[in-house]
Amino acid sequence: MSGHSTYKPSNGFTKWIDSRLPIVRLVHDAGVSYPTPKNLNYWWTFGGILTLCLGIQIVTGIVLAMHYIPQTDLAFNSVEHIMRDVNYGWLLRYVHSNGASMFFIAVYVHMFRGLYYGSYKAPREILWILGVLIYLLMMATAFFGYVLPWGQMSFWGATVITNLFSAIPLVGKSVSTWLWGGYAIGDPTLNRFFSLHYLFPFLIAGVVILHIWALHVTGQNNPTGVEPKGDKDTVPFTPYATAKDALGMSLFLILFAYFVFFNPLGLGDVANSEIANPLKTPPHIVPEWYLLPFYAILRAVPDKLGGAQTPDMVITHVGAADGGIDFTVTYLARILSFYYFFHFIILFPLLGLVEKPKPLPESISASVLGAAKS
């Protein structure tokens with residue numbers, strides 16, 4: 001899809017590099033001359049925003065790891081030390097913690113765009129599968145990171161999630177014990193979660209490279225659903241797509257900055273500002289908002305193993321509501337969960353049989369020009 005390389009070394013040194021390690025050619029072909037459908041809208045900007053978010057999380061995470069102590073007696077205080085004593089530690093911590101939420105906001109928009117415009121269809125199945133793998137790694141990384149501050153929600157969230165593995169028949173208790181590094185959550189658990197939280201972003205970066213590689217093999221889809229037909233339907237990635245992405249990223253960073261500087265705890269739970277206490281259970285245990293769909297399923301499905309086996313991607317307030325008293329919340333969670341799976345497993349295949357799609361235009365250009373004439 002990318003076509004033949006148009007890169008031409010400009011001097012002897014770049015010719016020498018290009019003949020031995022054509023990395024400049026790779027960057028040029030992927031970020032400058034890459035043919036991009038000319039009708040892409042701002043929904044396609046979130047791929048670049050996600051790359052930006054990943055870079056921010058890795059950089060801030062590396063610096064925070066220099067000051068964090070993964071011990072149950074010291075973890076909470078080490079976070080307070082970062083906030084109070086490390087130069088600009090408060091900024092690093094708020095950028096990192098709110099960056100996780102910004103990451104998930106962008107990934108949910110990116111996934112919605114992919115579902116709406118059919119980015120999962122042939123020939124882009126591998127691209128979609130890699131995207132789902134990135135999402136799963138993000139969820140795991142976020143969970144490990146949520147435990148590290150060792151606040152009340154951190155401890156009890158880890159307790160709830162790790163106990164789910166005990167529902168696995170035959171080997172469940174052994175798996176939970178292995179995760180804990182003992183017979184209860186403690187120092188070995190925190191050390192393991194810290195190591196995995198540090199490792200997984202680099203795994204995500206590796207899969208992102210594969211994701212981009214797959215994208216450049218098949219090319220981007222576009223709002224019309226028409227595969228680009230030559231130069232008449234495409235424009236170079238730079239400056240057209242880069243200018244659009246730069247504007248989208250700037251607006252996204254404004255939203256990011258609002259939470260970092262004016263409402264840094266707005267997306268978290270105030271209970272996590274209290275040090276973990278195994279003897280004091282919170283009134284209701286609530287994970288971060290981007291984990292709420294999974295928690296809603298756990299509360300909706302009465303069986304422990306069934307809840308652990310049933311993933312849910314529906315973002316709703318049900319996960320955060322106090323469902324222990326209000327039975328309406330539980331039934332609402334069940335209804336929404338049922339509809340989610342009904343939508344993708346039953347409704348989508350039926351629509352494919354019933355719907356009569358309009359004929360595709362001859363090309364992207366014909367579609368745009370035809371709309372302009374009418």
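The values are calculated or read from the model by the stated rules, or taken from the named source; none is laboratory data. The shown structure was predicted, so the numbers you read here are calculated from the model rather than taken from an experiment. Because the Cβ atoms are built from the backbone with ideal geometry, glycine has one as well, and the counts that use them run over all protein chains shown.
Quick notes on this one:
- Qualifying residue in the range 44-54 (condition: surrounded by fewer than 16 Cβ atoms within 10 Å (Cβ to Cβ), in the same structural domain as ASP245 (by TED's automatic domain parsing) and modelled with pLDDT of 95 or more): no
One line per residue, one yes/no per condition, for (1) among the hydrophobic types (A, V, I, L, M, F, W, C); (2) farther than 30 Å from LYS121 by Cα:
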| residue | (1), (2) |
| --- | --- |
| VAL217 | yes, no |
| GLY230 | no, no |
| PRO236 | no, no |
| ALA246 | yes, no |
| ALA257 | yes, yes |
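- Within the range 133-160, being within 26 Å of HIS343 (Cα to Cα) and either in contact (Cβ under 8 Å) with a residue 24 or more places away in the chain or not assigned by TED's automatic domain parsing to the domain that holds PRO278 (or both) holds for LEU133, ILE134, TYR135, LEU137, MET138, MET139, ALA140.
- Qualifying residues in the range 89-138 (those that are surrounded by 15 or more Cβ atoms within 10 Å (Cβ to Cβ) and basic (Lys, Arg)) - the one nearest to GLU227 (Cα to Cα): ARG124
- Residue that is farthest from PHE237 (Cα to Cα), among those in the range 18-35 that are over 24 Å from the mean Cα position of the chain (by Cα) and surrounded by 15 or more Cβ atoms within 10 Å (Cβ to Cβ): ASP18
- Close pairs (8 angstrom Cβ cut-off, 6 or more residues apart or separate chains): over 16 Å from TYR146 (Cα atoms) in the range 65-82, among the aliphatic types (A, V, I, L, M) and outside any helix (DSSP H, G or I) anywhere: HIS67/VAL86
- Residue-level check: of (1) surrounded by fewer than 20 Cβ atoms within 10 Å (Cβ to Cβ); (2) part of a loop (DSSP other than H, G, I, E, B); (3) β-branched (Val, Ile, Thr), ILE254 misses just (2).
- Where GLY48 falls short, out of the listed (1) touching a helix residue (DSSP H, G or I) at 6+ places or on another chain (Cβ under 7 Å); (2) under 19 Å from SER195 (Cα atoms); (3) in contact (Cβ under 8 Å) with a residue 60 or more places away in the chain: (2)
- The single condition among (1) buried (at least 20 other Cβ atoms within 10 Å of the Cβ); (2) under 23 Å from SER78 (Cβ atoms) that GLY182 does not satisfy is (1).
- Counted residues, the range 115-132 - those being over 21 Å from TYR340 (Cβ atoms) and part of a loop (DSSP other than H, G, I, E, B): 3
- Any hit, the range 336-348, residues being at pLDDT 70 or above, surrounded by fewer than 11 Cβ atoms within 10 Å (Cβ to Cβ) and under 22 Å from TYR120 (Cβ atoms): yes
- The range 190-219 residues that are β-branched (Val, Ile, Thr), paired with ones that are outside any helix (DSSP H, G or I) (beta carbon under 8 Å, 6 or more apart): VAL217/MET1; VAL217/SER2; THR218/MET1; THR218/PRO123; THR218/ARG124
- Residues being at pLDDT 60 or above and crowded, with 18+ Cβ neighbours inside 10 Å - total across the range 304-329: 1
- Close pairs (9 angstrom Cβ cut-off, 6 or more residues apart or separate chains): touching a residue at least 24 places away in the same chain (Cβ under 8 Å) and not assigned by TED's automatic domain parsing to the domain that holds ILE105 in the range 230-254, surrounded by fewer than 16 Cβ atoms within 10 Å (Cβ to Cβ) and among the β-branched types (Val, Ile, Thr) anywhere: none
- Matching residues in the range 122-132 - criterion: being more than 17 Å from CYS53 (Cα to Cα) and in contact (Cβ under 8 Å) with a residue 60 or more places away in the chain: PRO123, ARG124, ILE126, LEU127, LEU130
- Unique match (being over 28 Å from ALA214 (Cα atoms), assigned to a helix (DSSP H, G or I) and touching a helix residue (DSSP H, G or I) at 6+ places or on another chain (Cβ under 6 Å)) among MET83, MET102: MET83
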